[in-house]
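Asker: The structure's right below; bear with me while I get my questions together.
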Amino acid sequence: MGDSGPNGPLPRADSQGLDPVAKPKSPRPDSTEAEEEEDFLKPARWWYASTLFPLFAGTFGPMANTFSICALVEHWREYVPAGSSADHAIHIKDPAWLVAVNSLSLAISLIANLSLFLSMTKRLPFNIAQPITILGFWIASVLLIGPIVYASVNPWRQDIKHQSLTQAYYYAIFAAGLYQIISYLLCITVYGALAGQYSREFKLTPAQRTLMLQTILYFLWQNLWSLGYSYIEEWTFLDAVFWADFTTLSIGLGGDFVPTTHLGRGLLFPFALGGIILLGLVVGSIHSLVLDRSNRKVAGRVTEKTRENLVKRIDNILTHGLPPNRTWRGKAGGTARALALKLHDHSLTEKDRRRFEFEAMRKVQKVSARRQKYLSLFVSTFAFAFLWTIGAYVFYKAEKDQQWSYFESLYFSYTTLLTIGYGDFVPTSNSGKPFFVFWSLLAVPTLTILISNMGDTAIKEFKDFVIWLGEITLLPSTEATTADRLKYGLYKCGLKNTIPQKAVDNTENTDSDSSSQDFQELHPGLAKVFRLKRRKNKDVQRDMGERMITDFEQAEQIEETSARPESDQAAQDDHHYRRELLQQIKRVYSDVLSDDTKHYSYDDWAYFMHLLGQDESDPRHHIQAPVKISSKEDLNQLRTEAETGVRKWSWLSPSSPLMLNKDESEWVLSRLVAKLEQNLREVQREIDKHKRVLREAAGNGLSTTTADHEKHA
């Protein structure tokens, strides 16, 4: 689509009271669209405090409760006769005070977890729930720390030698540590709310609020089945927990812990299936609801930082008069120098200058997207390597009685992380089994996330390379000869970056649209199940919406045609303008319902802005991009400008439509619809005004007639 406007004068933004780059007024008073659009201006740490930390608490709180139960059901010390193993140990009864303190800690932690759950589900106010949750977890931790320290240095009975600590003791350590971490993270969340960085509630979506419920169901499933198998297979409860863990994680260590009874083997079918499904739900939710949103937040910050660096370079070149041949490293430096030279060229038109800004912003998006993907890959790789190597070191120390070397521990950790589970190495110590349960619950999902991030980067590039190799060799191709295939392959490999920006914008598609995110948030596993149904509903929705828009457009065309014989140019232009709006609304509406995200070219954007009443050739509404907007006063000023006047903006400014946390098609559609609504309201006001004039005229005429009759009488 070209940048030519409709055949008629278009309303100006300043005369119509609508700012094209400002958020259209929402009919809902509690709408948070403005906060979402300006979310990239806030540091990522406040997003972590308002969203990530509560989700961490909701995920690890039930895990800590499970470990507290494990610390309570068995004694903390045992007697191991000389020359025998821990399998033949005799438990030593815990002191009554330790059992009481342990029980009190569990009760308080359950109350804290319940308070957190009610707060997440909006059943308990934030101001009431958070003190209960934070103090509850912290007190539960302190109540466990005292007995943990005492038990490590003081045996219950001095007359018995060869005492050792049991699995329950180490579960108590993990529970106390998790309680402490959760309480401190929630303190940061409360501090951010009190500091006014966000509202006094968890900034969670309905789907994110279900993550804690999924975690509770998973650990409840594990504990109940562990209790049953402890009786069926005559295991201890904690050994059954160890077996249930490596079973649902599909590691399959085997060893001494395999079902041997017919009942145990028969019940394995429902237990393993249900446990794997529940674990998949939790891991999928963590990936889609937490990490994907975290990646989008990080992507927004990376884009903002890249934009700031570009604007700073441009400002330095224009301010300090740096020579054109100065060397800049990287694509950003070359883009900055080229754009600065273009902006310094006074022979350029305003529209050409804006086009260069737009293309520079597109490069910023491209560079930042690549950086964000590889940053996520680096973080997940580091997390995997950390859990692998540190976990191996802990197993090396814990299984010293089995004389594991560090290399053997690395081997065991690696086969466990990849869920191979040969079973040639199995933890048997009282410290190794609890650590395995905690470590595996962290490590296996981490590997899943790593593979997902590799799919967006390294695996995708390898896949593209294989496709490219096939296109220039044996696979069917549109190129006739091998030489043509080789030329085409070289073009795709290195020369495609020279393609005009307009063609890239018209063909480039990336992530799924917001409508697919609804099913993804409902649960990742349901996305494929409902794909056909969603497409059918989309087709029905598209047909209905496009039919309504088409009818409205045809009505406007009829009105425009009717105004021509009457030589009513104003009415004709008005109907023509609304018809142009409806045509673009129909087009953008299809883009919104599409499974692919649309990236519009500069000519498309210029035309949209023209319809919204702002001409790209008019410099009155344009400014040079500011380097940074971070202060509260600047944000308030932006909001004030959006409400009272036309905001001056640049394609490289934070208020640019390309910088907002929303798909371009959704942004354009909301503005076009708002513009159409504003135009129709003005028409309705004119009609109402005309009716009032007619009624007043009719009333005056009736009064005059009555007076004449009375006079004649």
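Asker: Which pairs break 25 Å Cα to Cα here: LYS122/LYS598; LYS297/LYS586; LYS586/LYS662?
Answerer: LYS122/LYS598; LYS297/LYS586
Asker: Hey, quick one: spin label on TYR79, modelled 7 Å out along Cα-Cβ, who in the range 218-256 has an amide N within reach, i.e. under 17 Å?
Answerer: none
Asker: With label points built 7 Å along Cα→Cβ from the Cα atoms of ALA571 and GLU234, find their separation and express it in nm.
Answerer: 9.8
Asker: Still on this structure: Quick one: net charge of GLY699's neighbours, Cβ under 13 Å, K/R +1, D/E -1? The partial results should precede the final answer.
Answerer: Details: positive: LYS691, ARG692, ARG695; negative: GLU696.
With Lys, Arg at +1 and Asp, Glu at -1, the net is +2.
Asker: Moving on to the next point. Taking the Cα atoms of the range 47-154, report the difference between the largest and smallest coordinate on each principal axis, in whole Å and largest first.
Answerer: 56, 25, 21
Asker: Can you compute 3J(HN,Hα) from phi for each residue in the range 92-102, using the Karplus curve 6.51 cos²θ - 1.76 cosθ + 1.60 with θ = phi - 60°, rounded to whole Hz and x for Gly and Pro?
Answerer: So the J values, rounded to whole Hz, are 9, 4, 6, x, 5, 5, 5, 5, 5, 5, 4.
Asker: Evaluate E = 1/(1 + (r/R0)^6) for LEU418 and THR349, where r is the Cβ-Cβ distance and R0 equals 60 Å; express this FRET efficiency to the nearest 0.05. Intermediate results must be reported in sequence, preceding the final value.
Answerer: Details: r = 60 Å, r/R0 = 1.00.
Given R0 = 60 Å and the Cβ-Cβ separation, E is 0.50.
Asker: Right, something else. If you take the alpha carbon radius of gyration of the range 41-281 and divide it by 2.2 N^0.38 Å, what ratio comes out, to two decimals? It would help to have the intermediate numbers written out before the result.
Answerer: Details: Rg = 20.2 Å, N = 241, 2.2 N^0.38 = 17.7 Å.
The reported ratio for this selection is 1.14.
Asker: If R₀ is 35 angstrom, what is the calculated FRET efficiency for the pair LEU194 and LEU263, using the beta carbon separation as r and rounding to 0.05?
Answerer: Numbers: r = 55 Å, r/R0 = 1.58.
Rounded to the nearest 0.05, the efficiency is 0.05.
Asker: Next question. By the scheme Lys and Arg +1, Asp and Glu -1, what is the net charge of all other residues having a beta-carbon under 12 Å from that of SER226? List each step's numbers first, then the result.
Answerer: On the way: positive: none; negative: GLU233, ASP239, ASP245.
Residues close to SER226 contribute a combined charge of -3.
Asker: Under a point spin-label approximation (7 Å from Cα along Cα-to-Cβ), what is the LYS93-ARG695 distance to one decimal in nm?
Answerer: 9.2
Asker: Right, here's the next one. Net charge around PHE117, counting only other residues with Cβ within less than 12 Å of its Cβ (Lys, Arg = +1; Asp, Glu = -1)?
Answerer: Working: positive: LYS122, ARG123, ARG209; negative: none.
Cβ neighbours under 12 Å give a net charge of +3.
Asker: Now for a different question. Evaluate the distance, in nm, between pseudo-label points positioned 7 Å from the Cα of LYS366 and of ASN316 along their respective Cα→Cβ axes.
Answerer: Between LYS366 and ASN316, the simple spin-label model gives 2.3 nm.
Asker: Now for a separate question. Please list 3J(HN,Hα) in residue order for the range 273-283, calculated via the Karplus relation 6.51 cos²θ - 1.76 cosθ + 1.60 where θ = phi - 60°; whole Hz, with x for glycine and proline.
Answerer: 5, x, x, 5, 5, 5, 5, x, 4, 5, 5
Asker: Additional query: Want the number for TYR150 to ILE276: 0.36 nm per residue separation, take away the alpha-carbon distance, what's left?
Answerer: Working: separation 126, 0.36 × 126 = 45.36 nm, distance 3.84 nm.
In short, 41.5 nm is gained.
Asker: Sequence-distant or interchain residues sharing an amide H contact under 5 Å with THR428, placed H: which?
Answerer: Those lying under 5 Å, H to H, from THR428: there are none.
Asker: For a quick check: with amide H placed at 1.01 Å from N, whose amide H comes under 5 Å from ILE92's, ignoring anything fewer than 5 positions away on the same chain?
Answerer: Amide H neighbours of ILE92: ARG77, GLU78, TYR79.
Any read-out appearing in this document is the output of simple, stated calculations on the displayed coordinates, not a laboratory observation. The shown structure was predicted, so the numbers you read here are calculated from the model rather than taken from an experiment. We place every Cβ from the backbone using ideal geometry, glycine too, and count neighbours over all the protein chains shown.
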